[in-house]
Amino acid sequence: MADDADTALTTRPTAPVLRPPQTEDGAALWHMTKDSEVLDLNSSYYYLLWCRDFADTTVIAEIDGEPAGFVTGYLRPDAPTTLMVWQVAVTEAARGHGLASRMLDELVARTSAEALETTITDDNAASQRLFASLAERFGADHQITPLITAEMYPDGHDTEYLHRISPLAQ
Ligand SMILES: CC(C)(COP(=O)(O)OP(=O)(O)OC[C@H]1O[C@@H](n2cnc3c(N)ncnc32)[C@H](O)[C@@H]1OP(=O)(O)O)[C@@H](O)C(=O)NCCC(=O)NCCS
């Protein structure tokens, strides 16, 4: 008969594995983006090519070998110590356990970024809290300014506000 310790071992949730993606992981990123029903869905080709060319600034998380989340980002060509975070998603089952925060921290550490930028629309409270929380962890300034405003879009879109968080002391 299993004692308490055995039961704890078998029921403990598996820790997520975080790693840079391989090209083939682009399919999982596409699915997670589609399933989020919140993020702008780019073409599947885009995610596959992204995983080939921006693997160093991208994280995929797996739990028990299954995709559980991802962060895509890049170092800005004209400001290479600034990590621009493009999309963050965590599968519904894996939400609420700090996975998005862990993936962001992993990317900041991996890139040794001194500043992080992302854009967020007014209606995305979860994303706003995610990045406010990161600023608090790093004790960094958090500036918010409009970047891509509604009238700039050719196809109708809410204003994307630039969130700039710096400095990120390592
Ligand atoms: C946003 C998202 C990535 C958060 O993933 P997660 O792993 O659950 O986030 P974490 O557990 O790391 O939470 C980080 C912080 O955000 C807060 N948060 C998470 N979801 C929230 C929600 N729905 N509403 C308000 N705050 C929320 C957490 O409480 C936490 O705050 P704390 O550090 O002060 O405790 C996930 O909900 C998601 O994939 N949503 C759909 C896609 C999306 O909106 N992506 C972001 C835009 S790029």
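The values are calculated or read from the model by the stated rules, or taken from the named source; none is laboratory data. What you see is a predicted model; the values in this text were computed from it and never measured. Here the Cβ is made from the backbone with ideal geometry for all residues, glycine too, and neighbour counts use every protein chain on show. Heads up: the accessible areas ignore ligands, DNA and RNA and are worked out on the full protein's heavy atoms, side chains in. Shrake-Rupley method; radii C 1.70, N 1.55, O 1.52, S 1.80 Å.
Picking from GLY96, GLY139, which residue would you name as being within 9 Å of the ligand (Cβ to nearest atom) and open to solvent by 30 Å² or more (accessible area, probe 1.4 Å)?
GLY96
Keeping to region 144-169, report how many residues are of a type outside the set (A, V, I, L, M, F, W, C), in contact with a Ser or Thr (Cβ under 6 Å, 6 or more places away or on another chain) and open to solvent by 70 Å² or more (accessible area, probe 1.4 Å).
Residues flagged as of a type outside the set (A, V, I, L, M, F, W, C), in contact with a Ser or Thr (Cβ under 6 Å, 6 or more places away or on another chain) and open to solvent by 70 Å² or more (accessible area, probe 1.4 Å) within region 144-169 amount to 2.
Here is a yes/no grid of residues against (1) within 8 Å of the ligand (Cβ to nearest atom); (2) assigned to a strand (DSSP E or B):
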residue	(1), (2)
LEU39	yes, no
ALA61	no, yes
THR72	no, yes
ARG102	yes, no
ASP105	no, no
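Considering only region 75-93, how many residues are open to solvent by 60 Å² or more (accessible area, probe 1.4 Å) and within 14 Å of the ligand (Cβ to nearest atom)?
3
Return only the number of the condition from (1) within 13 Å of the ligand (Cβ to nearest atom); (2) within 25 Å of PRO20 (Cα to Cα); (3) of a type in the set (A, V, I, L, M) that ALA125 does not satisfy.
Looking at each condition in turn, ALA125 falls short on (2).
For ASP141, indicate whether it is touching a residue at least 12 places away in the same chain (Cβ under 8 Å) and over 14 Å from the mean Cα position of the chain (by Cα).
Judged against the criteria, ASP141 is a match.
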